[in-house]
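Data first, discussion second: the structure below is written as structure tokens.
The values are calculated or read from the model by the stated rules, or taken from the named source; none is laboratory data. In this text, all values refer to a predicted model and were calculated from it rather than measured experimentally. All Cβ positions, glycine included, derive from the backbone under ideal geometry; neighbour counts span all protein chains shown. For the accessible areas, the whole protein counts, side chains as well, though only heavy atoms, and no ligand, DNA or RNA atoms are used. Shrake-Rupley method; radii C 1.70, N 1.55, O 1.52, S 1.80 Å.
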Number of protein chains: 2
Amino acid sequence: MDMHQLTRELNVQNNNKIVMLVADGLGGLPVQSLGPTELEAAKTPHLDALVAYGTCGSSIPVKPGISPGSGPGHLGLFGYDPLQYLIGRGALEATGIGFHLGPQDVAIRCNFCTLDNNGNITDRRAGRIPTEQSAPLAVRLREVSLPGIEVFVEPVKEHRFVVVLRGEGLGGDVADTDPQATGVPLAKPAARNDQSRRTAEVAAEFAREGAALLADQSAANAFSMRGFSVRPSLPSFQEVYGLRAAAVAVYPMYKGLAKLVGMEIVGDAKTLSDQMEIVKEHWEQYDFFFVHFKYTDSTGEDGDFDAKVKRIEEFDAAIPKISALKPSVTIVTGDHSTPSLLKAHSWHPVPTLIASDHCRPDRCKTFGEADCLSGGLGQFEAKYLMPLALAHAGRMGKFGA
Amino acid sequence: MDMHQLTRELNVQNNNKIVMLVADGLGGLPVQSLGPTELEAAKTPHLDALVAYGTCGSSIPVKPGISPGSGPGHLGLFGYDPLQYLIGRGALEATGIGFHLGPQDVAIRCNFCTLDNNGNITDRRAGRIPTEQSAPLAVRLREVSLPGIEVFVEPVKEHRFVVVLRGEGLGGDVADTDPQATGVPLAKPAARNDQSRRTAEVAAEFAREGAALLADQSAANAFSMRGFSVRPSLPSFQEVYGLRAAAVAVYPMYKGLAKLVGMEIVGDAKTLSDQMEIVKEHWEQYDFFFVHFKYTDSTGEDGDFDAKVKRIEEFDAAIPKISALKPSVTIVTGDHSTPSLLKAHSWHPVPTLIASDHCRPDRCKTFGEADCLSGGLGQFEAKYLMPLALAHAGRMGKFGA
């Protein structure tokens, strides 16, 4: 019996609200021996107040030692086992640019490349062609017309773009055409099962016509196709938790991930302040709010300890606007750690707090990595955060008599 | 998706070295109420220095409450789920005496016993016949000749010996011949599947001819056969972690276990000091070093608290020789606890530390059971130690985008 069978079966409906505040890449590392982490260095009076009232712990995004991308990181927070629910690369790339995949779609992550006169690859990424040059080429590929298939081509950054094929009978199991080597031709799209045969044929035709449209382009005269994938099949928040869920995010990737689990995207926030307003405006319409704050991750990725500290303090300053709404349960966490020391996502557990009237107090005083180690939630896999939230909100009944 | 699928898929190659120091049976218990454990009583300045720099935790060898033998204990440390990878008793016994099983081998753990004139068992262990008497009997059994089969007979301790049958088409699924009772005859070896039919026939012939060779022996005129098993099929360290791994151990059992996961046995150490030299000599040739120290376990098994304390101090004194090599990641742990109070392996979690430049500091100051409870690794199953080691060594990439 998996956790969703339990959350479904034990579901209790009430009016208690849950707010999940996700500071992306929240966890960090000291930059000096025995010094503080970014979160420990930041002044966070409002988070500390929640800590005093709530219960803390350390969230393991996937499994010990595993550094997740945004996809598995958020699936874990949303209570979907990230090793069970895998999002294909094409689907994640489409999601990342805000393309909402439908049930007849196959998404493909494409890379511009260069071929010599014999059709052999000379550069698998077309010299990481700048976006200003690559975007118009991607747009030109929209001229490809395939009978019975709707084609979407969306530029991404540098050599990357996304193709979505929409039509009937398109399976997602097609091998990559990138041979991962130069001096050899691109592979033909090859179906790995019967349901994907039409996808492979359509993709081959797209590759042929696309290459013809690029034939005169020295910067990039072809492209590889990778990570063919259909929309991942995830049960919705409504179905597994009985929650009307709203996502309040600024960046398309997080809106996209939220939409994959059936959250509604509300508002069009540009700032954290906008996000707080939007939560307030929609307070009565939803049971669950996912609020995503990006800059704790991006400053970590930049390796800028001080900037990350400032962003954490900005995040802290917004907390009273949520507390004023008196949610039944407030969660503060991150989808993974992004220590500025490493300039990358890491495997380190993420400081996490749950604040509600039904928390058992622990001895944590401030919100920080070392303090959270003595917290009442211990170390736990992120996928258990949603059941904990539901429990604290009185939204799960007793298991067994 | 299991952890080895992840470690394979996310593998990153670099030159960072990992050293895993295993003090067998490291964890202990106080002998006086509220007194220290063996590790807490020992003066361990070098381990404490690693603790200050690294991250600590408590390793659960298999699952809470389970006291493992050396086989499952080490498999867990090596990242092989000990409940998934079972080593048959015969294979473990052969491994324990340094017999390296090949792909055509079936290993059988045998016990000398005594039969009365009617062929009924009078003593299932032949009065725990002393090794001086049993070893020559085992050697005598080498005279058995079976067509098409190579037979190895190796004495073990007291009533125990190992038989290895080598030949084509020998499956390992044969029932024990020991009826676990006296006053009844030995059972005939019975195949439990078609692939093991020949094994059962060959084993029956070995039992017949062997008993004839022992007919005149009053101390032990027969033997039972148990734990028929082929070489366990374990993916190698190279395959699952991309590591060239060396084992530096004194005792055959630990060399054998290391060899089962594809480590190379280097040197011929007799002492811990030899082991340290061997690691140094082979430093450039391997990515991973498993160093096994036996005496923390044997003193625990002897129930000798003070001797175990001394052995821990001896182990501590060797640490600087490893630190001088500047490994990227140093792990100190045990395969299980062996409290001298219990004179046996126990289920208690094992104090564990990981030291590397990418550790998140915790508040542990000294290496001991109680201190480790506040460590940044929390309590974790031993099987996650290898993914954690790989992560800290920068040898695993990001999971998902």
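Details
- Subset of region B:308-337 that is acidic (Asp, Glu) and either more than 23 Å from the chain's Cα centre (by Cα) or open to solvent by 10 Å² or more (accessible area, probe 1.4 Å) (or both) - its residue that is farthest from B:GLY27 (Cα to Cα): B:GLU314
- The condition (being more than 8 Å from chain B (Cβ to nearest Cβ), in contact (Cβ under 8 Å) with a residue 12 or more places away in the chain, of a type outside the set (D, E, K, R) and not in a loop (DSSP other than H, G, I, E, B)) is satisfied by just one residue among A:LEU50, A:LEU92: A:LEU50.
- Extreme residue, farthest from B:LEU234 (Cα to Cα), among residues of region B:246-297 that are among the β-branched types (Val, Ile, Thr) and open to solvent by 30 Å² or more (accessible area, probe 1.4 Å): B:THR271
- Scanning region A:95-129 for residues that are assigned to a helix (DSSP H, G or I) and at positive phi yields a count of 3.
Conditions (1) in contact with a Lys or Arg (Cβ under 8 Å, 6 or more places away or on another chain); (2) modelled with pLDDT of 95 or more, marked per residue:
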| site | (1), (2) |
| --- | --- |
| A:PHE78 | no, yes |
| A:GLY88 | no, no |
| A:PHE112 | yes, yes |
| A:ILE121 | no, yes |
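- Unique residue being surrounded by fewer than 24 Cβ atoms within 10 Å (Cβ to Cβ) and either within 24 Å of A:LEU34 (Cβ to Cβ) or not assigned by TED's automatic domain parsing to the domain that holds A:ALA245 (or both) when the list is A:GLY376, A:GLY397: A:GLY397
- Annotation: B:PHE78 fulfils all but one of (1) among the aromatic types (Phe, Trp, Tyr); (2) open to solvent by less than 10 Å² (accessible area, probe 1.4 Å); (3) more than 11 Å from the chain's Cα centre (by Cα); the unmet one is (3).
- Residues within region B:97-113 that are touching an Asp or Glu at 6+ places or on another chain (Cβ under 9 Å) and either among the aliphatic types (A, V, I, L, M) or not assigned by TED's automatic domain parsing to the domain that holds B:LEU214 (or both), tallied: 3
- Any chance A:ALA344 is within 13 Å of chain B (Cβ to nearest Cβ), small (Gly, Ala, Ser), touching a residue at least 60 places away in the same chain (Cβ under 8 Å) and open to solvent by 30 Å² or more (accessible area, probe 1.4 Å): yes
- Enumeration of residues in region A:18-34 that are open to solvent by less than 20 Å² (accessible area, probe 1.4 Å) and part of a loop (DSSP other than H, G, I, E, B): A:ASP24, A:GLY25, A:GLY28, A:LEU29, A:PRO30
- Qualifying residue in region A:4-11 (condition: more than 13 Å from every other protein chain (Cβ to nearest Cβ), closer than 25 Å to A:HIS336 by Cβ, among the aliphatic types (A, V, I, L, M) and in a loop (DSSP other than H, G, I, E, B)): no
- Going through (1) open to solvent by less than 20 Å² (accessible area, probe 1.4 Å); (2) not in a helix (DSSP H, G or I) one by one, A:PRO72 falls short only on (2).
- The one condition in (1) on the phi < 0 side of the Ramachandran plot; (2) within 23 Å of the chain's Cα centre (by Cα) that A:LYS343 fails to fulfil: (1)
- Subset tally (residues that are within 18 Å of A:LEU92 (Cα to Cα) and in a loop (DSSP other than H, G, I, E, B)) for region A:145-169: 4
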